[in-house]
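One structure is given here, and the rest of the page talks about it.
Please treat every number below as a calculation from the coordinates, not as lab data. Just so we're clear, the structure is a prediction, and the values are computed from it rather than from any experiment. Please note: Cβ atoms are built from the backbone with ideal geometry, for glycine as well, and neighbour counts cover all protein chains shown.
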Amino acid sequence: MHNPYDDPAVAALYDLLNPWAACDDFYLDLVMAAPTALDVGCGTGLLLRTARAHGHTGHLLGLDPADAMLDIARAHTTDVTWTRGDLTTHTWDGAFDLVTMTGHAFQELHTDHDIVHALTAMRTALTPTGLIAFETRNITARPWENWTPDHPWTGTLPDGTPLADVNDAHPITPQGLVTFTSTTTSPSWDAPLTTHSTLRFLTPAHLDTLLAAAGLKTVQRHGNWDRTPLTPTSPEVITLARPT
Ligand SMILES: C[S@@+](CC[C@H](N)C(=O)[O-])C[C@H]1O[C@@H](n2cnc3c(N)ncnc32)[C@H](O)[C@@H]1O
């Protein structure tokens, strides 16, 4: 499957367009409390390298299929283990107190089969009392309906470069897949940067059946990073789960 994050131009912009935010504070608290942590879909590694910089002394492993993203993580620090791949190429047995999947990376898993396989591998990677933490965008809030050309995003890079980003999302499929094109332009660039992505959306009830199939049980669920309860309009479905 095509991965837009394996484009060096996309990876180079990632941290500039996704600076530290409330979601990172939420996950950093979990990582700092865990003696060992695996971050699946770690991207440029901001979470784990920040944990190391904050004094985490245990084993930290970032896993991602995109070399372009990992190159940025490696350039920041070699004090975290960065591994190219995903949960179909790598497994660990009882090695981690915490497994995270942040930045909506979980939505890159497109089928029930992919999700149960990944959750089972995450459970296998945990110690018996370990914790899994991840989030998906909330399907009932229908966020993709705003990923349209009439909702452009404009911003400025730290060096002053102006950017505009326009998404063009297709309607959700019966399988819960939303495919969209993202076109980023800047007057400083010769050509636009275009990416094509597909994300899976699923209901919390369906997610819980897939967690159960993987031998996991939800122990906390939040609708936003301030830990407010999930409602139909919450932006996020944040799940903390443990082995059953
Ligand atoms: C939106 S980025 C999030 C990166 C990072 N977790 C963060 O919050 O900044 C999504 C990441 O998921 C990775 N990814 C794509 N498919 C994946 C898969 N099947 N398993 C794990 N990671 C995947 C991409 O390469 C990309 O780095």
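Quick grid of which residues meet (1) within 15 Å of residue 137 (Cα to Cα); (2) in contact with a Phe, Trp or Tyr (Cβ under 8 Å, 6 or more places away or on another chain):
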| site | (1), (2) |
| --- | --- |
| 176 | yes, yes |
| 181 | no, no |
| 186 | no, no |
| 191 | no, no |
| 194 | no, no |
| 207 | yes, no |
| 212 | no, no |
| 215 | no, no |
Would you list the strands (runs of 3 or more DSSP E) that sit entirely within the range 110-184 and hold 1 or more residues that are touching a Leu at 6+ places or on another chain (Cβ under 9 Å), closer than 22 Å to residue 92 by Cα and among the small types (Gly, Ala, Ser)?
126-137
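Can you tell me which residue within the range 39-61, out of those that are aliphatic (A, V, I, L, M) and within 11 Å of the ligand (Cβ to nearest atom), is nearest to residue 228 (Cα to Cα)?
Here is the first cut: in the range 39-61, the residues aliphatic (A, V, I, L, M) are 40, 46-48, 51, 53, 60-61.
Within this subset, residues satisfying the condition of being within 11 Å of the ligand (Cβ to nearest atom) are 40, 46-48.
On the way: 40: 25, 46: 25, 47: 22, 48: 25 Å.
Here the residue is 47.
Can you report the number of residues in the range 101-131 which are under 27 Å from residue 144 (Cα atoms), more than 8 Å from the ligand (Cβ to nearest atom) and surrounded by 15 or more Cβ atoms within 10 Å (Cβ to Cβ)?
Looking only at the range 101-131, we keep the residues that are under 27 Å from residue 144 (Cα atoms), and these are 101-119.
Still in the list and also more than 8 Å from the ligand (Cβ to nearest atom): 106-107, 110-113, 115-117, 119.
Filter once more, keeping what is surrounded by 15 or more Cβ atoms within 10 Å (Cβ to Cβ): 106-107, 110, 112, 115-117, 119.
Residues meeting the conditions: 8.
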Which residues, taken from the range 79-99, are in contact (Cβ under 8 Å) with a residue 40 or more places away in the chain and within 13 Å of the ligand (Cβ to nearest atom)?
82, 86, 87, 99
Looking only at the range 1-38, which residues are of a type in the set (Gly, Ala, Ser), within 13 Å of the ligand (Cβ to nearest atom) and buried (at least 17 other Cβ atoms within 10 Å of the Cβ)?
11, 37
Could you list all residues from the range 62-78 that are within 14 Å of residue 15 (Cβ to Cβ) and more than 14 Å from the ligand (Cβ to nearest atom)?
75, 77
Filter the range 196-233 down to the residues that are surrounded by fewer than 17 Cβ atoms within 10 Å (Cβ to Cβ) and closer than 26 Å to residue 6 by Cα and list them by number.
196, 198
Can you tell me which condition residue 224 does not meet? The list is (1) of a type outside the set (D, E, K, R); (2) more than 30 Å from residue 128 (Cα to Cα); (3) in a loop (DSSP other than H, G, I, E, B), and all the others hold.
(2)
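So that you can scan it fast, the table gives a plain yes or no per residue for (1) within 23 Å of residue 6 (Cα to Cα); (2) in contact (Cβ under 8 Å) with a residue 40 or more places away in the chain:
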{"residue": "166", "(1), (2)": "yes, no"}
{"residue": "175", "(1), (2)": "no, yes"}
{"residue": "183", "(1), (2)": "yes, no"}
{"residue": "193", "(1), (2)": "yes, yes"}
